1. Between LEU76, LEU85, LEU60, LEU116, which is surrounded by 10 or more Cβ atoms within 10 Å (Cβ to Cβ), over 15 Å from LEU7 (Cβ atoms), aliphatic (A, V, I, L, M) and within 20 Å of the chain's Cα centre (by Cα)?
2. Starting from residues that are surrounded by fewer than 10 Cβ atoms within 10 Å (Cβ to Cβ) and among the basic types (Lys, Arg), keep the ones in the stretch 88-107 and report whichever is modelled with the lowest pLDDT.
3. For the stretch 38-56, give me each residue that is exposed (fewer than 13 other Cβ atoms within 10 Å of the Cβ), within 13 Å of TRP6 (Cα to Cα) and in contact (Cβ under 8 Å) with a residue 40 or more places away in the chain.
4. I'd like the full set of residues that are out of contact with any helix residue (DSSP H, G or I) (no Cβ under 6 Å at 6 or more places or on another chain), touching a residue at least 24 places away in the same chain (Cβ under 8 Å) and more than 10 Å from ARG11 (Cβ to Cβ), limited to the stretch 57-76.
5. Tally the residues that are farther than 15 Å from LEU76 by Cβ, buried (at least 16 other Cβ atoms within 10 Å of the Cβ) and not charged (D, E, K, R), restricting the search to the stretch 1-27.
6. Quick one: which residue in SER38, SER83 is assigned to a loop (DSSP other than H, G, I, E, B), polar (S, T, N, Q) and modelled with pLDDT under 95?
Amino acid sequence: MRLDKWLWAARFFKTRSIAQEAIEAGRVRLEGERTKPSKEMKPGDRLLIRVGDSVWEVTLRALAEKRGPAAAARLLYEELEESRLRREAQHAQTRIAREPALELHGRPTKQDRRALRRLRGY
């Protein structure tokens, strides 16, 4: 089974094309090495997958030709314990202290500019 198809079936990425882009960008590594989307997979392979801020280290348990429900997708891989603990700690940290710059998108609106003026006192 192709790597990009497995990542899509295991629900790490919403579409196969997004999975292909992630593989080509080096955000998915097979056995610690960069690879191609067409690389054939087999149970027992280890993957390092970066999705946004999350990093998953998983071992393949099974292959699936079709994308099924999330419960079935979780049976396709086994996440390493230290990877799970690291992800949970990072998630808890971002929940406590969110990066303020993540809320900013583009130029301020008219309402934002008026609020800034009131805040600055002019």
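The values are calculated or read from the model by the stated rules, or taken from the named source; none is laboratory data. The shown structure was predicted, so the numbers you read here are calculated from the model rather than taken from an experiment. We place every Cβ from the backbone using ideal geometry, glycine too, and count neighbours over all the protein chains shown.
1. LEU85
2. The residue in question is ARG95.
3. Correct list: empty.
4. Hits for the stretch 57-76 are VAL58, LEU60, LEU63, GLU65, LYS66.
5. So the answer is 3.
6. That would be SER38, the only listed residue that is assigned to a loop (DSSP other than H, G, I, E, B), polar (S, T, N, Q) and modelled with pLDDT under 95.
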